[in-house]
Amino acid sequence: MYKAWFAASRFDEISTLFKASFVGIFILFFAIYIDDSLHGISSGSRILLFVYWGMLFVFVGSGRILVRSFQRRLLVKGIGRKNAVIIGFNSKAFEVFDQIAEHRALGLDIIGFISDNGNKSENYKDVNIIGSLSEIKSLLGKIIVQEIIIALEKKNDDLLLDLLAEAPLKGIGLKIVPNLYEILTGQARTSQIYGMPLIDLMPELMPEWERKLKRFFDIFVSFLILIITLPLSILVSLIIKIDSSGTIFFKQKRCGLDGKIFKMIKFRSMFSDAEEKSGPVWSQKDDPRITRIGKFLRKTRIDELPQMINVLKGEMSLVGPRPERPFFVEKFTKVIPYYKRRLNVRPGITGWAQVKHKYDESIEDVKEKLRYDLFYIENISIRMDFKILFRTIFVMLFGKGHYQ
C-alpha cells in the first residue's frame, strides 16, 4: 500500500487495501488456530478477528478516500502539479491534450508540444510547439518537466531509444499512446486517462516495502560480513603489502544508480601501474597485470570484500548489475542503445549476469550480459536476490563466473 501516488484510482486503492488486509487477517487467523490447538482451548478470538478486519477495512478505507480526495482537490487548485510535454503535433496528440485539460485532477500541465518539424509558429489551444524531435536532448536540460507523453503517428525507434536512455536518469516519467511500439510490451504497464489507454514505460521496478527490505538486508549483511572477516582482511592487507609495492586498496570510478559516479573499493590484485600505458581495458583470463596474491584473491573472490563498504554506504547493493567504468558506459551506449537501462537500479557485488555468463572478451559478451541484467531488472524482487546469492555461493565454490 505504501508507494508513490499520483492521480491514482481510489477504487483501485480500496481494492488493493481489501486484498492486503484480507491476507493479513488470514495469517493471524491460522496463527491463532494453531496456538489454540496446541493448548487444547477455544478462545473465540478467531471470530473476533473477522469483526476486527471489517472495522479495519472500513476505517482505513474511509481514511484513504478522504486523504486522496483532499490530494485531488489540491491538484485541481494547482498545488503539487507536474509539468508535461507531448511529443507529436497531430490529432492523437490533440486528443490526449484535451483529455488532460478536461480532467485537472490528473495533476498534469501541458507546457508544450514537440513536433516533427519544430515550427514554433503553430499552436493548439494557445499551447505552443517548443521544439523539434532533433532538439529533445537539449530541451530536457532546459525545461522543467516530469512527464513525457509520446503521441506520434509513425514509428520512431531512434527517438524512443534516446528517451529510454536519458529520461529515467533525469527522473522523468514516460508514457506512450498504444499501438506504436509493440516491441516494448515486456517493459510497459498500461494505465488510462479517464478511459483513454496509455502505456507507462519503465514503471516502478519494486514496491516500496521491498526496496526498504532490500536496503535493510544490504546494511545488515554487509556490516556482519565486515565484522566477521576483519581478521582475514588484516591478514590479506599484510600479504598484499609484502607481495608488491603499492596501496592495499584499489579504488576505481564506477557508474552507480542513475549514473552517479562513485569509487568502488577492492583489495588490490594488480600491479599499481597496470593501466598507465594501456589505459582502460577489460580484465581477462591469465591477465599479466595481476600479482601473485592477486590471482588467489580473484579466484576466491576475497578481493571483493572491501566492496561491503560501498554497500554499507548505499553506493552498491549485494545484488544488481555490476558497476561499469564511465569510459566503458559511454562506449557501450553508442553501440548498445539499452545499455544505460542498467543504471536504473543500484549496482551489485554479484548479479544474474555474473552467475550466468563468462568473461567479457568481446562486445557480444557485453550484449549477452546486458540481456541477463535487463532480465534481472524486469524481474527484480527479494526472491530473485536470494536466488542469485545462492547461485553466487555455488560459483565461488566451483571457481566459475567472473566479476569485473
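The values are calculated or read from the model by the stated rules, or taken from the named source; none is laboratory data. All values reported here derive from a predicted model rather than from experimental measurement. Cβ sites come from the backbone with ideal geometry, for glycine too, and all protein chains shown count toward neighbours.
For the reader, a short list of remarks on this structure follows.
- Between Ser222, Ser191, the distinction of being over 17 Å from the mean Cα position of the chain (by Cα), at pLDDT 60 or above and under 30 Å from Lys142 (Cα atoms) belongs to Ser191 only.
- Test for Glu324: is it surrounded by fewer than 18 Cβ atoms within 10 Å (Cβ to Cβ), within 22 Å of the chain's Cα centre (by Cα) and assigned by TED's automatic domain parsing to the domain that holds Arg391: no
- Trp209, sole failed condition from (1) surrounded by fewer than 16 Cβ atoms within 10 Å (Cβ to Cβ); (2) at pLDDT below 80; (3) under 27 Å from Lys260 (Cα atoms): (2)
- Unique match (being within 26 Å of Asn83 (Cβ to Cβ) and modelled with pLDDT under 90) among Gly141, Gly186: Gly141
- Exclusive hit being part of a strand (DSSP E or B), in contact with a helix residue (DSSP H, G or I) (Cβ under 9 Å, 6 or more places away or on another chain) and modelled with pLDDT of 90 or more, set Lys253, Lys214: Lys253
- Matching residues, region 105-126, being acidic (Asp, Glu) and either touching a Cys at 6+ places or on another chain (Cβ under 9 Å) or exposed (fewer than 14 other Cβ atoms within 10 Å of the Cβ) (or both): Glu122, Asp126
Yes/no matrix, rows are residues, columns are (1) at pLDDT 75 or above; (2) of a type outside the set (Asp, Glu); (3) surrounded by fewer than 19 Cβ atoms within 10 Å (Cβ to Cβ):
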residue	(1), (2), (3)
Asn344	yes, yes, yes
Trp352	yes, yes, no
Tyr372	yes, yes, yes
Ser381	yes, yes, yes
Arg391	yes, yes, yes
His402	no, yes, no
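- Selection count, region 75-87, where residues are at pLDDT 90 or above and either part of a helix (DSSP H, G or I) or over 29 Å from Ile129 (Cα atoms) (or both): 0
- Count of residues meeting criterion [charged (D, E, K, R) and not in a loop (DSSP other than H, G, I, E, B)] in region 322-336: 3
- Yes/no for Gly88 being surrounded by 19 or more Cβ atoms within 10 Å (Cβ to Cβ) and either among the hydroxyl-bearing types (Ser, Thr, Tyr) or on the phi > 0 side of the Ramachandran plot (or both): yes
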